[in-house]
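Here's the structure we're looking at; comments come further down.
The values are calculated or read from the model by the stated rules, or taken from the named source; none is laboratory data. Bear in mind the structure is a predicted one, so any value in this text is a computation, not a measurement. Every residue, glycine as well, gets a Cβ built from its backbone with ideal geometry; the counts of neighbours run over all protein chains shown. Heavy atoms of the whole protein, side chains included, go into the accessibility calculation; ligands, DNA and RNA do not. Shrake-Rupley method; radii C 1.70, N 1.55, O 1.52, S 1.80 Å.
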Amino acid sequence: QSVKIIKSIRNNLLLSSLKTKTRIYISRTDSTRSFKQEKDIQKIFSDLGFLVIYPEKLSFREQIMVFSNAKVVAGIHGAGLFNTIWSDSCSVVEFMPINRINRCFEWQSSVVGNSYDRIFFDEKNFSLKEIKSQISSLNLH
């Protein structure tokens, strides 16, 4: 029943106004919950042509519009990834701290029909080379 409600909201709030699907990186660099290497991860996605967004700076309607037109959404585990509930057949890439495993966005992706990939990172032993390797192994085009 919940999936039907979500699909109804998607359909009734316009949701296909953009002709091309966007690739989004959800930034937390303005947040107290960011970590020092996030700027490096954000730069990788920015260099790949991803649109860097700060969902907390968007209205509710803008969030629905942006995420409903997403082809790929990547970001650090956090509330911003909830917005992938508005995405349809989207690829979700979640960066998960190795010491805080939570599968909620994996399950959400499964329920709403999005694909899901997780990339673990260790803030104390952070390897940008390893992160780049994992990102390049995904089909993010």
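Residues in the chain average 57 Å² of solvent-accessible surface per residue, probe 1.4 Å, ligands and nucleic acids excluded. Helical content of the chain, expressed as a calculated mean residue ellipticity at 222 nm, amounts to -10000 deg cm²/dmol (DSSP H runs of 4 or more residues, -39,500 (n - 2.57) each, divided by residue number, nearest 500). Pull out a ≥ b ≥ c, the square roots of the eigenvalues of the alpha-carbon gyration tensor of the chain, then state rounded if a/c is under 1.5, prolate if not and a/b is larger than b/c, and oblate in the remaining case. Since a/c reaches 1.5 and a/b is larger than b/c, the shape of the chain is classed as prolate. When the Cα gyration tensor is reduced to axis lengths a ≥ b ≥ c, the ratio a/c is 1.5 or higher for segment 88-134, and with a/b not above b/c it is classed as oblate.
When the solvent-accessible area of the chain is split by element, carbon and sulfur atoms take up 52 percent of it, the probe being 1.4 Å. Only the Cβ atoms of Lys and Arg (+1) and of Asp and Glu (-1) were treated as charged; on that basis the dipole of segment 15-74 about its Cα centre amounts to roughly 140 debye.
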